[in-house]
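Taking it in order: structure first as structure tokens, then the write-up.
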């Protein structure tokens with residue numbers, strides 16, 4: 001689908017993206033994850049053809065020009081606000097090379113798909129943030145691109161807008177390859193198959209989310225306390241490898257030690273009220289902290 | 001070509017939606033009316049608001065209809081030029097800066113098409129406003145001061161329009177090249193200061209785009225075609241072509257400066 005080899009971008013002497021190599025699997029969702037300033041936007045801009053790489057190769061299966069095969073949504077999409085949603089999408093369709101009839105048809109189709117059909121004759125200036133983000137998706141999928149590049153598509157949205165957006169993306173992933181950047185890991189977890197971890201312009205980890213999980217996952221037991229103070233107290237008294245986040249204490253398990261029985265008996269002997277004790281999978285966030293934090 | 005039509009339609013729509021298509025001709029209509037009206041009613045105006053001492057005598061020189069066109073032309077050259085620089089210095093760099101251009105630039109649209117769509121729209125506004133100003137001025141000039149030499153005035157409008165085209169092309173080229181503020185400042189300095197310099201020490205050369213306005217005025221005043229006019233037209237034409245080509249190249253090159 002898309003192959004990227006040793007992609008590098010320098011601004012002056014500073015390398016913003018260096019030696020990035022990866023490949024996307026067709027019709028999957030890949031998350032590009034990294035802290036602010038890791039080079040996510042620069043990478044996406046190069047893939048979208050907005051920036052020319054300093055060196056490296058971007059290869060698409062199809063030899064047609066990049067612009068016709070790729071749909072791009074910037075982090076803060078800006079529209080000609082004096083246009084109506086329909087006028088905007090229709091114009092962009094024509095500029096993407098659709099025939100007049102097709103552009104008309106597609107404009108209506110994509111607006112219906114993103115749920116803006118009833119607002120199609122309204123000026124964009126009156127749109128809310130969520131509506132603009134959906135309009136951004138509409139203009140990105142207009143020309144039926146095989147590859148969709150989305151820069152932080154959910155970060156600026158409220159929870160409802162976010163879940164709407166993720167539903168749209170999941171639907172799109174049936175026919176499209178999606179690469180999107182994010183730093184909201186909780187959302188990414190629920191819809192991502194592949195992950196690319198970026199840090200300081202370099203890809204530090206990549207692969208299927210399950211594989212990466214396996215690689216970094218030391219099995220652990222998560223204890224949820226009723227009181228946050230109890231959690232803190234338990235953690236401070238413990239000689240085990242633990243980490244605390246709010247009411248949850250995570251105990252790392254090495255060579256089957258400590259065992260669940262050991263933990264249970266410890267808890268039974270303690271005065272703390274426990275809500276839940278369970279073997280837990282590593283969350284994307286913990287994985288991210290581990291991968292990115294490694295050489296920090 | 002299709003992209004050009006689509007983008008020109010976009011420019012037109014923008015001009016309609018922000019009412020520029022309406023208020024800009026109106027401003028120039030007023031600009032054109034001002035000179036003949038104030039001249040004609042100067043006496044009454046002075047008596048009404050002048051607070052002049054008793055027995056004061058003012059002789060207002062006799063003017064002709066053509067003098068009114070000359071006066072309006074002077075307005076066009078100063079105020080009109082500045083208005084056009086101010087309105088169009090941000091039309092390319094502004095879209096880059098506010099990020100609206102980004103979603104255009106990810107599509108297969110050449111910078112030249114973007115530049116030309118803006119240029120054609122600005123040129124159209126230039127023609128429209130020039131016509132409004134001269135028509136308004138000419139209308140009152142004829143009412144107050146008698147017959148105007150229509151052909152002479154029409155020819156002058158043509159000459160002035162070529163000068164305005166040079167201003168527009170230069171401004172758009174700078175807008176493609178730099179940021180809005182720099183484009184505005186440079187345009188105003190180069191064109192306004194250039195016009196001044198040209199009139200002060202311009203005796204050392206005979207052909208320059210700035211001279212075009214001077215020759216135009218000379219022609220409409222006297223009715224005699226200055227012998228350098230043809231050559232100056234050619235020089236200005238070349239200036240427009242070079243600025244335009246430069247603008248096209250710069251629009252394409254500076255696509256990468258768009259705010260993502």
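What follows draws every value from the coordinates through simple rules; no lab data is involved. Everything numeric here is computed off the predicted structure, so don't read it as measured data. Cβ placement follows ideal geometry from the backbone for every residue including glycine, while neighbour counts extend to all protein chains displayed.
Brief remarks follow.
- Spin-label model, residue B:120/residue A:239: points 7 Å from Cα along the beta carbon direction are separated by 8.3 nm.
- Stretching the chain fully between residue A:285 and residue A:232 yields a gain of 17.0 nm (0.36 nm per residue, less the alpha carbon separation).
- Distance between the 7 Å Cα→Cβ label points at residue A:214 and residue A:11: 4.0 nm.
- For residues of B:17-27, the mean tally of beta carbons on other chains within 10 Å: 1
- Rounded, prolate or oblate (a/c below 1.5 giving rounded, otherwise prolate when a/b exceeds b/c) for segment A:1-120 by Cα gyration tensor: prolate
- Relative contact order [Cα under 8 Å, 6+ residues apart], segment A:2-214, whole percent: 31
- Coarse-grained scattering of segment B:1-150 at q = 0.10, 0.15, 0.19, 0.21 Å⁻¹, given as base-10 log I(q)/I(0) from a Debye sum over alpha-carbon atoms: -0.51, -0.84, -1.10, -1.24
- With the convex hull of its Cα atoms as the shape, segment A:1-58 has an orientation-averaged projected area of 4.0 nm².
- Computed from Cα positions, the angle between helix B:229-253 and the longest principal axis of chain B comes to roughly 30 degrees.
- Convex hull of Cα atoms in segment A:2-214, direction-averaged projection (nm²): 11.7
- Gyration tensor (Cα) of segment B:2-257, equivalent ellipsoid semi-axes in angstrom: 37, 21, 17
- By the count of other C-beta atoms within 10 Å, a proxy for reagent exposure, B:11, A:275 are ordered fewest to most as A:275, B:11.
- Classification of segment B:127-191 by its C-alpha gyration tensor yields a prolate form. The axis ratio a/c (a ≥ b ≥ c) is 1.5 or more, and a/b outweighs b/c.
- Acute angle (nearest 10 degrees) that the helix A:100-113 long axis makes with the longest principal axis of chain A, alpha-carbon atoms: 30
- Calculated FRET efficiency, residue A:267 to residue A:204, Cβ-Cβ distance, R0 = 41 Å: about 0.65 to the nearest 0.05.
- The angle separating the long axis of helix A:129-141 from the principal Cα axis of greatest extent in chain A is about 60 degrees.
- Centre separation in Å (Cα based) which lies between segment A:170-232 and segment B:107-136: 52
- Sequence of A:211, A:119 once ranked by neighbouring C-beta atoms within 10 Å, starting from the fewest: A:211, A:119
- Set the Cα radius of gyration of segment B:160-242 against 2.2 N^0.38 Å, with N its number of residues, and you get 1.14.
- Residue list for segment B:30-51, given a label point 7 angstrom along the Cα-to-Cβ vector of residue B:142 and an amide N cut-off under 18 Å: B:30, B:32-37
- Taking other Cβ atoms within 10 Å as a rough exposure proxy, A:88, A:194, A:216 sort from fewest to most as A:216, A:194, A:88.
- For the pair residue A:52 and residue A:174, the difference between a 0.36 nm per residue extended length and the Cα-Cα distance amounts to 40.9 nm.
- Overall, the anisotropy analysis places the protein assembly as shown in the prolate class: the square-rooted eigenvalues a ≥ b ≥ c of its C-alpha gyration tensor yield a/c not less than 1.5, with a/b exceeding b/c.
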